[in-house]
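Chemist: Sending over a structure as C-alpha cells; questions will come in a sec.
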Amino acid sequence: MDSDPGVTGKGVTGKCGAEAARRPGEGEPLDVAAVRERLREKKGPEFWRSLDELAVTPEFEDLLHREFPRHVTEWPEGVSRRGFLQLASASLALAGLTGCTKQPLEKIVPYVRQPEQVIPGRPLFFATTLTHAGYAMGVLAESHLGRPTKIEGNPDHPASLGATDAYAQAALLTLYDPDRSQEIVRNGRTGTWSGFASEVNAALRARQPLGGEGIRLLTGTVTSPTLTAQIREILTRFPNARWHRWEPAGGHQEHAAAQRAFGRPVTTRYDFTKADVIVSIQSEALTQSPGNVRYQRDFAARRRVRGGHPAGLPDGSAAMNRVYCVESVPTSTMTVSDHRLLLPPAEVEGFVLALAQALGAAPASNTVLADAKSTAWLQAVVEDLQAHRGTSLILGDEYLSPAAQVLVHAINQALGNVGSTVIYTDPVESDPVDHMESLRALVADMNAGRVEMLVMLGSVNPVYTAPADLGFAKALEKVGLRIQHGLYMDETSEYCHWHIPAAHELESWGDARAFDGTVSVLQPLIDPLFGGKTESEILAVFSDRPDTGSHDLVQAYWKTQLPGQVPKDFDAAWQAVLHDGLVQNTQLPPIGVAVAGGAAQAAAGEILAGLAEARAQKDRVTLLFRPDPTIHDGRYASNSWLQELPKPITKLTWDNALVLGPATAQRLGLKVEETVELTVDGRKLKAAVWILPGQAESTAVLTLGYGRTRTGHLDASGREDVGVNGAVGRGFNAYALRTSNALWAAPVEIRRIGERYQLACTQNHHALDPQGNEDQLASVEAERREVIRKTTLAALSKDTAVIQEEREKPGEHDTLYPQYDYSKGHAWGMAIDLSVCTGCSSCITACQAENNIPVVGKDQVLAGREMHWLRIDRYFEGDMDDPQIHNQPIPCMHCETAPCEVVCPVAATTHSHEGLNDMVYNRCVGTRYCSNNCPYKVRRFNFLRYSDRTSPLAAMMYNPDVTVRMRGVMEKCTYCVQRIEQAKIESKIDDDPGHEKIPVNTLQTACQQACPTHAIVFGDINDKAWEVTQWKADPLNYGLLEELNTRPRTTYLAKVRNPNPRLEAAAGAEDGSAEERTSHGHS
Amino acid sequence: MATLEKPYKPPVVAPGHDTATVTDKISSVVLQRTPKWWFIGFGISFLLLMGFLFGVTWLLLKGVGIWGVNQPVGWGFAIINFVWWIGIGHAGTLISAILLLLRQEWRTSINRFAEAMTLFAVACAGMYPVLHLGRPWLAYWLFPYPNTMGMWPNFRSPLVWDVFAVSTYATVSALFWYVGLIPDLATLRDRSKNRFWQIVYGFGSMGWRGSAAHWHNYETAYLLLAGLATPLVISVHTVVSFDFAIGIIPGWHATIFPPYFVAGAIYAGFAMVLLLSIPLRVAFGLQDFITMRHLQNMAKVMLATGLIVLYGYIMEFFFAWYSGNHVEQFTFWSRINGPYRWHWYGLIFCNGVAPQVLWLRRFRTSPFWLFLVALIVSVGMWLERFVIVVTSLSRDFLPSSWGMYAGTKWDWMIYVGTIGLFLSLLFLFIRFLPMISIFEMRTIVPGTTGEPSLGGEYTEVPR
C-alpha cells in the first residue's frame, strides 16, 4: 500500500481517525471510471478482491482494517476495555500470533536439544537496564521460559543496589501492554520497514548536497554512548543537520544554574552517606531524581536507629542525620524529615538567599525573611550547618530558580561540602544542551519553514508535552517529512507521516548511563512482541545500514571501547559486561569547579527583585507544575499499575488534581472535587480541586502527564472495565498551561465553575463528616490509637525502652484456643522500619508484579475495591496547615491468633505451622467475613472478575508461581509464600538430608527486595541470625493494634526523629500542647 | 382463699358465630371465585418478583461487585436483609408455638397466616446468605457432608452455626405449619365442588378423616412440634446475632446482642403480622375473627419488645462509655456524629419514639394508626441492621481503612424483589389455603370451649 499513488503526499494531519470512522457505503461513490483506468494502466494490484480494493477507497481500507484489526483507532469509541482485549487477543490468535513471536528465520531452532539452563518452572535472571527519563538503572529481569515476568534491582549496579523504583517494576506491564503500537504506520495506514528506509534514503539523498540542511532530530535526554556515537556520525555526515532535545520534566533550570554558576554544564550528585545535616530546599532529589534509589539507600543508612542508638554506616561511624525541609508543597523527603519550614515559593527563594548570606556565600543585605519563625528557624539551621562543615548537604535543584540554585551551589561550596557530600562531574547527558532553548529553536525553524524532515526518537511526544506557548503542533505541520518512533500511538503520531513502533527496553539491545555516569547495558529478554525497533536501528537507517540489528550496532560501538581489540578478548569482556549489566569503572570522576565570582551577587539581586514582586501581590496564587509521582510526564499514562498506584501523600489514583492547602481553599471558597477554571497567561484549563494539608498559603500544584487525548489505541473515553493492561488516565492536562518561560511555577487565576469531578483516593476517600475534614479526624484517631508510635533520638538516649513502656501487649496465655508451638522449624515474620519509609511505593508495584495482582480501574477504586495487597497508610499529625506526615506500609500481619481464621465457615484461611496466615483460594466461597473481621483490613476481595484470564499477553506476563484469582474469592498478602517454597526446595536440594533450613538472610519478599531504603525485612524469627529477628528484638519494635491480642507477625519499628533541640524548644514555647505531646506522649 | 373474679377477656370471636359459620366464612375465601383485586395485588407482587429474578441473574453473571459492598464494608444489603427477614419470621413461631403452650387462645385467629409469613420470610432470608457469597455455587460447602476433599466446615465460625440454626428453623416452621393445615385441608377437600381441587386438597390432607385416633395423633404431633419450635424462637436470632457478636469489630463485639436481637426480631415480626392482618381482615371481612382484641394484644407485644430493644440501644452506648475502650467509644460517637448519623436518628425515631404512642388506647384500637406504627417499626428494624452492619464496618480500627458504603440499584432491586417474592407467596397462600385455622376457630366459638359465652352485642370493655 506504500506504492499507492492515491494517498501519497496528502496531508494526513488528524485525518486518519475521521477516515477510519467512515463505514463502507457511507463514503464517496465508487469511481468506476477511475478503477477501469487503473486496471488498464496496471498500476494497481494484479489480483483484486473487489472494486473497492482496486479503487483503494478509504472504505475498503477501513473494511480491511476491521477484518484484520491492527490498531484500535478503528474500533468505535467507547468500546469497553474488556471488549477490546477480547478482540485484540482473538485477533492475535487468529493471526497465528505472528505479531507476538515474529522471529528471524535463522533463529528458529526446534528443541531437539533442551537449551542449556532453560528448565521449565525455574526462572533465569538476566542483568539488563531500564531507563527513566534517559537515565539508567541496572536491573535483573526474571524470565520464565523466555517470558520476562518480574524486574528486580541489580545489586551490583550503583543506581540500584538491588532495589528499584516503581517505574522499573511497572516496566513489565508496559512490555505486555496491548495498547503499544504494533505496526509501522504511514499516513494512518500500515507501512513497511523497507518502505520507511527507502523513503528516508530518498529524502537523505536529496538533502545530501546541502549538508543535511533541514534534517532535524528530536530526542529526550540521551545518555547512551552507542546512540550518541551514532548521532555524532550522522551529524558528521550531514553537518547542517541539527539534534534537538526535549525532556518535559528534565533538568532545565539545573542546567541553566550550572551554566551560570560554573560557566559550563555539570552534573551534581550527592553522597548521602556523608551527610550529617541535610537541608532540602524545594527539592525532590532524594525520591524523584535519577539517582533516587541509591540516594534513598544511602540516606536510610544514616537514619536508622538500632538498640536506641543511630545505626550509622556499616563501619559503625557517623551519627543519625538531621533533615530540614524548606518547601511549598509536601515532598516525600518531608515525611522522613525532622523539621519543616513551609513557605510560598518566592519566600523559599528568599530563604535560600538568607541562608547564603548567613553562611557568607552571598553578600549581606537588609533582612530577607518575612517573619520571626523563619528567622529563628534560619538561625538554628545555620548553627547546625556550621557545626557540620563538610558533612552537611544543601539540596536545591530543578524547582528552584537558577538564581537560587547558584546560591545553593555557593552555600555547599562555602560549607566545604563539595567533594564530600556534593560531587560535581561532567554531565551524564550526552552533548548537553538547554532543552528549552533547543526546543524553542526547533519550533522557530519549523515555523520559518527551515525544517524538511523531523525525526522524533524514543517516545518523545512534543505535541503533548511542549510548552503551550510554542504552538508545536501547528509548527509541526509545516515540516515536510515527519517521523516518529515511540512505544505508543500518541498525540504526536497523529501529526506524523511515519510512526515506527519502538521496541521496549526488555526487547532491546542498547546502553545508557546511570545518574553517576556508569554505563549500563540493555539486553533483550524477548524478541520484540510487536515488531518494535530500537532507536539505534532507526538511526542506522540514516547511516545507510537499515537492516543492522541493535545487537550488532551496540556491539560494534563497544568493540571500539572495550579493552582488547582481539575478537576473543572482546568476547570475554563483552560477556562480563552482559553478566554484570554494566561496564565497570565508568562512573564519572569528580571534577573541580568553583562558583564564578559575581554569580552569587547577581543571583542575590534577582531573588530580591522576585521577592519584592511576590510580596506586592500576596494573594496571588502560584501554580506549581510537577512531574507526576506515578506517571511522571505522561509517558506512563497507559500503565495501569502506575495509574492505580496511590500517589505518595495525596493517595489519588487515575487522576491528577489541582492540589491546594486547606487555608487557601477556604479563602477561595473551594471544596474538594469541585471543578475550577484555571487561567495562566490567558490560557484556560478546567481542573478538579483536591485539598491537602501541608501546602503553603496561596500555592497550588498540578502534576504533569494527565489529560492525555491519545495513548496507544485508547482514547480517554470512559470504560466500565479495566483489564490487566494499561488504560489512559483521565485528569487535567497541565501542559496546556505550561509556558516556556514558566516551566515550574506560574501565577494563576482560579475561578469556580461549580461542577463536580470525582477523584479516586484510596485513603478516607475524603468523605466529609460534620466535624470537618475526614483526614484530620482520621489523624486524630490514629494518634489516639497509637497506630504510629514515634519518639526522638534524644528521648531514646535517655530511656531506650520508651516505646516498650507504651506498649499494651496482652499476656501470653490470653486466648481461648490452644496455643501452637512455633518454636520448631521456621517461623516467618516481618519488620518494617517507619523511620526510613519515604512512601515511594515501589514495594506496592513490586508486590503487584510478583503476585499477579489485578488492576481494578477508577470506578472500582471509587467504590473502595482496590486490590493492592500492600498499601502505604498516610497519616497527618498536628496542624492542619502544616502537619507532619507519616508513612506506614501495611501488608498482612499474619496474626498468630488471626481473627480472620475463626470466622471463615469453610476453613479457606488457615494457619501454617510456620506461622503463615494462608489463603486457600480454591476453598474460598467468598463470605467476606474474614475481611470484616480483620482489624487491619488487609484482605482484598475479587468483587468482579478483575484478573484477565483470557488475554494471551496477560498469560505471558503472569508469575507462573502464583495463582491468578477468579472472581468471588478473597486474597491477601502471603509473605510471598511462593518464594518461601522455592527457597525451601533449593535448600532441600542443596543441603544435607535432615538439614533443610533455609540459609540465613537468603530469602526476600518482593516488597523487601524492591524497597530502596531497606525499610522492610523478612525472615525466620526462630533464628537469631536473621536480620528480622534482630529488628524484632529492638527496643523500637511494636505490633500494630497488638492490644487486640492478634499477635501480629508483622511488626513495626517506631519512627525516630532527630530534631534540633533549639527548634523543638521554640516550637514548644509557641504551642504548649505540642510540647506536651512531644515530651509526654512520645519522648 | 378468696374467690378471685376471673378477669374479663373480650371474646376472640365476635358473637353470633357457630362452628358452621366459621367454617363457611373461612373456607369461602378459598372456594369462591378469585376477586379482582387479588389479581392486581398478585400481579404487582409478581412483577417485583421478576425484578428479583432479573437482579439475581445479573448478580450470578457478574458477581457481587454489582452491589455496593467494598473494603472495608464487606457486608451490605444482603446481610441486612437476611437479618431483617429472619427477624420478621419470628413472630409467627412465637404466636404459634409459645402462645400455644401458654394457652393464649387469641392466637388461634392469627397463627396460620403468621406461620405462613414466617415460612415466606425465612424463604426470603435464606436466599441472601447464598446470594451474597462470592461463589454462590459452592454454598453447599458450608454443610458438613462427607466429601472427597476430606474437609469439614469450620465449626468455630458463626456462619456455620447459622446454617444449622436457619435450616432447622425453616424445617420445623414448615412442618409445624403443614401439620396444622392437615385438618383444614380435609375440610377444603370435603367442601370443594371441583374434582381437581378435591384431589389436590385430598393429597394435602393425607387421608384425614377426623377419627379420634387422627385427632389424638394430631394433637400429640402438634404439641411436640410446638415444643420443638419454642427454643428455636430464641435460638435462631441468638445465633444470627453471633455473626456480629463473635466478630472483633467495635460495634459488633457485644454480649448484649443475643437478647436484644431476639427482642428485636419479635418486635419486627409482630409489626409485620399487623401490617398483614389489618388489610386482610378488611379485604376478606374477617373482622369477626381478627378482632380489635387481637390487634391490641399485638400492639402490646410490640410495645414491650420495643422497649427491650430501646433498652438495648441505651446499653450499647452505656457499655461503650463504661468499657473505657477508646475505639469502642469512637464507634458509638460516630453513630451519632458520623456520616451515617441520619440512619441512626431514623432508627431511634422509628424503633424508639414512634411506638410509644401505643401506650395510648386510642392508638392501639385504631387500625390506621397501628398500621402506620407497624410500618414505621419495620423500616426502623431495617435501619437498625443497617446501622449495626455498616457503621461498625465503616469506622473500625485503623483510620486509614475507613470507608463509605451505599447500596446500588442492584441492591435495591434485589431487596424490593424479595418483598415481591414474599407478597407473591402470601397472595398464593391466601388464595389457595385457609388463612385462618378453621378447626381451631371452631374450638373457640362460644359454646364449644370453656370460654363463657357472653351473649349480647360485642363491645370492647376496658379493663
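Chemist: Are there trypsin sites (Lys or Arg not before Pro) in the stretch A:769-860 that DSSP marks as loop and that have at most 11 other Cβ atoms within 10 Å, and which are they? If you can, show how the numbers build up before the last one.
Modeler: Numbers: sites: A:ARG784, A:ARG785, A:ARG789, A:LYS790, A:LYS798, A:ARG807, A:LYS824, A:LYS858; in loops: A:ARG785, A:ARG789, A:ARG807, A:LYS824.
Within the stretch A:769-860, the qualifying trypsin sites (Lys or Arg not before Pro) (loop, at most 11 other Cβ atoms within 10 Å) are A:LYS824.
Chemist: If you don't mind, there's one more thing I want to ask. Leaving out ligands, DNA and RNA, what percent of the accessible area of the stretch A:529-586 is carbon and sulfur, probe 1.4 Å? Please list the in-between numbers first.
Modeler: On the way: 1380 of 2770 Å².
Ligands and nucleic acids excluded, carbon and sulfur give 50 percent.
Chemist: Before anything else, pin down the relative contact order of the stretch A:553-647: Cα pairs under 8 Å, at least 6 apart, normalised by residue count, whole percent. All intermediate terms of the calculation are to be shown ahead of the outcome.
Modeler: On the way: 26 pairs, mean separation 9.2, N = 95.
Taking the mean separation of contacting Cα pairs over the length of the stretch A:553-647, I get 10 percent.
Chemist: Still on this structure, please answer the following. Using Cα pairs closer than 8 Å and at least 6 residues apart in sequence, work out the relative contact order for the stretch A:947-1041, in percent. Mind dumping the intermediate values first?
Modeler: Details: 64 pairs, mean separation 13.5, N = 95.
The value is 14 percent.
Chemist: Take peptide B:69-80, look around each residue's Cβ out to 10 angstrom, count Cβ atoms belonging to other protein chains, and average those counts.
Modeler: Values: counts 7, 11, 16, 6, 4, 14, 5, 1, 0, 1, 4, 0.
Partner Cβ neighbours, averaged per residue: 6.
Chemist: What are the semi-axes of the equivalent ellipsoid for the protein assembly as shown, taken as the square roots of 5 times the Cα gyration tensor eigenvalues, largest first, in whole Å?
Modeler: Numbers: eigenvalues 943, 328, 189 Å².
The equivalent ellipsoid of the protein assembly as shown has semi-axes of 69, 40, 31 Å.
Chemist: Next question. What percentage of the solvent-accessible surface of the stretch A:872-1004, computed with a 1.4 Å probe over protein heavy atoms, is contributed by carbon and sulfur atoms? Mind showing how you got there, number by number?
Modeler: Working: 2200 of 4110 Å².
C and S fraction of accessible area: 53 percent.
Chemist: Residues with amide H under 5 Å of A:GLY307's amide H, sequence separation 5 or more or different chain, H placed in the peptide plane at 1.01 Å from N; which?
Modeler: A:LEU1036
Chemist: From the Cα gyration tensor of the stretch B:175-229, with a ≥ b ≥ c the square roots of its eigenvalues, which class applies: rounded if a/c is under 1.5, or else prolate if a/b is larger than b/c, or else oblate? Don't jump to the answer; show the numbers that get you there.
Modeler: Numbers: a/c = 3.52, a/b = 1.93, b/c = 1.82.
Since a/c reaches 1.5 and a/b is larger than b/c, the shape of the stretch B:175-229 is classed as prolate.
Chemist: Still on this structure: What is the Cα coordinate range of chain B on the first, second and third principal axes, sorted by size from largest, in whole angstrom?
Modeler: 70, 59, 45
Chemist: Give me the 1.4 Å probe accessible area per residue for chain B, excluding ligands and nucleic acids, in Å².
Modeler: Per-residue accessible area for chain B comes out at 41 Å².
Chemist: Now a separate question. For the stretch A:431-583, give the share of DSSP beta bridges that are antiparallel, in percent and rounded to the nearest 5; count only bridges with both residues there. Provide the component values of the computation, followed by the final result.
Modeler: Numbers: 5 of 14 bridges.
Counting DSSP beta bridges with both partners in the stretch A:431-583, the antiparallel share is about 35 percent.
Chemist: Per residue of the stretch B:255-270, in order, report the coupling 6.51 cos²θ - 1.76 cosθ + 1.60 (Karplus, θ = phi - 60°) as ³J(HN,Hα) in whole Hz, putting x for Gly and Pro.
Modeler: The phi angles translate into 6, 6, 4, x, x, 6, 5, 5, 4, x, 5, 5, 4, 5, x, 5 Hz.
Chemist: Once you have a ≥ b ≥ c as the square roots of the Cα gyration tensor eigenvalues for the stretch A:489-605, tell me rounded if a/c is under 1.5, and otherwise prolate or oblate according to whether a/b is larger than b/c. Write out the running numbers ahead of the final one.
Modeler: Values: a/c = 2.46, a/b = 1.25, b/c = 1.96.
Taking the square roots of the gyration eigenvalues as a ≥ b ≥ c, the stretch A:489-605 is oblate.
Chemist: Shifting gears a bit: As an exercise, identify the GluC sites (Glu not before Pro) in the stretch A:777-854 lying in DSSP coil whose Cβ has no more than 13 other Cβ atoms within 10 Å.
Modeler: Details: sites: A:GLU781, A:GLU783, A:GLU786, A:GLU805, A:GLU806, A:GLU808, A:GLU812, A:GLU850; in loops: A:GLU786, A:GLU808, A:GLU812.
Filter output for the stretch A:777-854: A:GLU808, A:GLU812.
Chemist: Also: For the stretch A:267-274, what does the Karplus curve 6.51 cos²θ - 1.76 cosθ + 1.60, with θ = phi - 60°, yield as ³J(HN,Hα) per residue in whole Hz, taken in order and with x for Gly and Pro?
Modeler: Those phi angles translate into 9, 9, 10, 10, 10, 6, 5, 9 Hz.
Chemist: Another one. Past the 30 Å Cα-Cα mark, which pairs from A:LYS790/A:LYS984; A:LYS150/A:LYS686; A:LYS858/A:LYS937; A:LYS937/A:LYS1055; A:LYS858/A:LYS972; A:LYS809/A:LYS937?
Modeler: Details: A:LYS790/A:LYS984 37 Å; A:LYS150/A:LYS686 39 Å; A:LYS858/A:LYS937 20 Å; A:LYS937/A:LYS1055 22 Å; A:LYS858/A:LYS972 20 Å; A:LYS809/A:LYS937 20 Å.
Check vs 30 Å cut-off fails for A:LYS790/A:LYS984; A:LYS150/A:LYS686.
Chemist: Can you sort A:SER638, A:SER459 by 1.4 Å-probe accessible area, starting with the largest? Before the final figure, lay out the partial values.
Modeler: Numbers: A:SER638 5, A:SER459 50 Å².
Result, largest first: A:SER459, A:SER638.
Chemist: Just to confirm, what accessible area per residue do you get for the stretch A:176-226 at 1.4 Å probe, in whole Å²? All intermediate terms of the calculation are to be shown ahead of the outcome.
Modeler: Values: 1450 Å² over 51 residues.
Per-residue value: 28 Å².
Chemist: Let me ask another. Taking the Cα centroid of the stretch A:517-562 and of the stretch B:220-289, what is the distance between the two, rounded to the nearest whole Å?
Modeler: First find each Cα centre; the distance between them is then 77 Å.
Chemist: With the cut-off at 1.5 for a/c, could you classify the stretch A:842-892 from its C-alpha gyration tensor as rounded, prolate or oblate? List each step's numbers first, then the result.
Modeler: Values: a/c = 3.35, a/b = 1.72, b/c = 1.95.
Taking the square roots of the gyration eigenvalues as a ≥ b ≥ c, the stretch A:842-892 is oblate.
Chemist: Which residues of the stretch B:32-67 end up with at least 40 Å² less accessible area in the presence of all protein chains than when their chain stands alone, using a 1.4 Å probe?
Modeler: Output list: B:LYS62, B:GLY65.
Chemist: Restricting the count to DSSP beta bridges whose residues both fall in the protein assembly as shown, what percent are antiparallel, rounded to a multiple of 5?
Modeler: Values: 76 of 123 bridges.
Just about 60 percent of them are antiparallel.
Chemist: Also, quick follow-up: Would you work out the relative contact order for the stretch A:812-963, in percent, from Cα pairs under 8 angstrom that are 6 or more residues apart?
Modeler: Numbers: 175 pairs, mean separation 35.9, N = 152.
Across the stretch A:812-963, relative contact order equals 24 percent.
Chemist: Once amide H atoms are built 1.01 Å from N in the peptide plane, which residues 5 or more positions from A:VAL422, or in another chain, come under 5 Å H to H?
Modeler: A:ASP271
Chemist: List for the stretch B:395-441: residues with 40 Å² or greater reduction in accessible area, all protein chains versus chain alone, probe 1.4 Å?
Modeler: With the partner chains in place, the stretch B:395-441 has these residues losing at least 40 Å²: B:PHE397, B:LEU398, B:PRO399, B:SER400, B:TRP402.
Chemist: Would you mind listing how long the stretch A:539-590 runs along its three principal axes, going by Cα atoms, in whole Å with the largest first?
Modeler: In descending order, the Cα extents are 35, 31, 19 Å.
Chemist: Let me ask something else. Quick one: which residues, 5 or more positions from A:ARG322 or on another chain, have an amide H under 5 Å from its amide H? H modelled 1.01 Å from N in the peptide plane, none for Pro or chain starts.
Modeler: A:VAL277, A:ILE278
Chemist: Now, a different point. Can you sort A:ARG306, A:ARG939 by 1.4 Å-probe accessible area, starting with the largest? The partial results should precede the final answer.
Modeler: Numbers: A:ARG306 55, A:ARG939 0 Å².
Reading off the accessible areas and sorting them downward yields A:ARG306, A:ARG939.
Chemist: Moving on to the next point. Residue by residue through the stretch A:591-597, which ³J(HN,Hα) values in whole Hz follow from phi under the Karplus form 6.51 cos²θ - 1.76 cosθ + 1.60 (θ = phi - 60°), with glycine and proline marked x?
Modeler: 10, x, 10, 9, 5, 5, x
Chemist: Here's something else I'd like to know. Using Cα centres only, tell me the gap between the stretch A:130-162 and the stretch A:456-507 in whole Å.
Modeler: When both Cα centres are located, 27 Å separates them.
Chemist: For chains A and B, what's the summed buried accessible area, probe 1.4 Å, to the nearest 100 square angstrom? Mind dumping the intermediate values first?
Modeler: Working: alone 40910 and 21270 Å², together 57340 Å².
Summing both chains' loss of accessible area gives about 4800 Å².
Chemist: Please report how far the C-alpha centroid of the stretch B:15-72 lies from that of the stretch A:875-948, rounded to the nearest whole angstrom.
Modeler: 41
Chemist: Here's something else I'd like to know. Over the stretch A:412-503, with every protein chain in place, what whole percent of the accessible area is carbon and sulfur at 1.4 Å, could you tell me? List each step's numbers first, then the result.
Modeler: Details: 1160 of 2450 Å².
Here it works out to 48 percent.
The values are calculated or read from the model by the stated rules, or taken from the named source; none is laboratory data. Values in this document were obtained by computation on a predicted structure and should not be read as measured data. All Cβ positions, even for glycine, are placed from backbone atoms using ideal geometry, and neighbour counts span all protein chains on display. The area values use the complete protein model at the heavy-atom level, side chains included, leaving out ligands, DNA and RNA. Shrake-Rupley method; radii C 1.70, N 1.55, O 1.52, S 1.80 Å.
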